[in-house]
Amino acid sequence: MALVYGDFDQAGLDAAYNNSAHVGAQRRDVYVGGWATRSAELRTQIPHQHSLAYGDSPREVLDFVPCGRPGAPTFAYIHGGYWQLNDKERSFQVAAGVVPHGINFANIDYTLAPAKKMGEICQEIRRAIDWLLANLGRLGGDPNRLYVGGHSAGGHLAAIAMGNPRVAGGLAISGLFDLEPIRLSYLNKAIGMDVLEARRHSPIHALPKQAGRLLVTAGGGELAELQRQSVEYYAAWRAAGLDGAFVPLPGHDHFSLIDEIARPDGILARALARLVGR
């Protein structure tokens, strides 16, 4: 048995990052289908600006949902999908958990692999954050109170965005912070990272010198590797002297935990409200 990463052989490493197999394709499809349905319904119910361009590529767009309070803080959310699946349309439902707390909601899309490499995807997210900081004033938000978050690959990209010192804080939901096991797994077929790219774009190896307060979370029912990534990143963040907190989600799997940010009374929605209110 040839080991490729830690104690994992190739099959073991692939299984350690296969969230769909762990949860089951049928349950996953129920979750994802529910996100799409709720997002489509919510779009008809609340005023918002759809697909504002923050860059030149077709997927460099974001939605903006005002909470109705002038000068309110804004939460920018980045969807998951291992950098190669999904889009912002299914993530619009997160606004239902955020906006009732008096927080504007920005829903960020980005180009997927293999159309773009990891470094280019990270640059798109940096452009989205820069665009929001430059435009929040005219959108009715406070540019000094921009918070960023995301799920899975979006959690990785939220950590990348935390490198901007003007970002006030963040929420990384079951993110990927060390890309080396991703590089060595089946996931890299589409992403195409080499050793240097994987290290360069791993947030755990590029902690900012200063940053806003970061909340890190993962589900207690997730794959062990997904939990390890969040626990170790949070430990590294705190060891670097950066402000943050770990928010446990006992029993949640990689998909069910989205409910905790997409409902106003969810654990993560309430944690975000406390973060913004600090």
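Looking across segment 1-52 at every residue that is among the aliphatic types (A, V, I, L, M) and under 30 Å from Val99 (Cβ atoms), the one that is surrounded by the most Cβ atoms within 10 Å (Cβ to Cβ) is identified as Val23. Restricting attention to segment 209-232, does a residue exist that is in contact with a Lys or Arg (Cβ under 8 Å, 6 or more places away or on another chain), at pLDDT 95 or above, over 26 Å from Ile261 (Cα atoms) and open to solvent by 30 Å² or more (accessible area, probe 1.4 Å)? No, because not a single residue in segment 209-232 is in contact with a Lys or Arg (Cβ under 8 Å, 6 or more places away or on another chain), at pLDDT 95 or above, over 26 Å from Ile261 (Cα atoms) and open to solvent by 30 Å² or more (accessible area, probe 1.4 Å).
Does Tyr110 satisfy being assigned to a loop (DSSP other than H, G, I, E, B), open to solvent by 20 Å² or more (accessible area, probe 1.4 Å) and under 23 Å from Leu226 (Cβ atoms)?
In short, no.
For Ala239, the conditions (1) touching a helix residue (DSSP H, G or I) at 6+ places or on another chain (Cβ under 8 Å); (2) open to solvent by 20 Å² or more (accessible area, probe 1.4 Å); (3) among the small types (Gly, Ala, Ser); (4) over 24 Å from Ala96 (Cα atoms) are fulfilled apart from (1).
Looking at Val247, is it modelled with pLDDT of 95 or more, closer than 18 Å to Val98 by Cβ and open to solvent by 10 Å² or more (accessible area, probe 1.4 Å)? Yes: the conditions hold for Val247.
Does His156 satisfy being open to solvent by 50 Å² or more (accessible area, probe 1.4 Å), in contact (Cβ under 8 Å) with a residue 24 or more places away in the chain and closer than 29 Å to Thr74 by Cβ? Criteria not met by His156. Residue-level check: of (1) open to solvent by 40 Å² or more (accessible area, probe 1.4 Å); (2) under 15 Å from the mean Cα position of the chain (by Cα); (3) without any contact (Cβ under 8 Å) to a residue 40 or more places away in the chain, Lys88 misses just (1).
The values are calculated or read from the model by the stated rules, or taken from the named source; none is laboratory data. From a predicted model like this one, the values you see are computed outputs, not experimental measurements. Heads up, the Cβs are rebuilt from the backbone with ideal geometry, glycines too, and the neighbour counts pull from every protein chain shown. These accessible areas exclude ligands, DNA and RNA; they are computed on the full protein's heavy atoms, side chains included. Shrake-Rupley method; radii C 1.70, N 1.55, O 1.52, S 1.80 Å.
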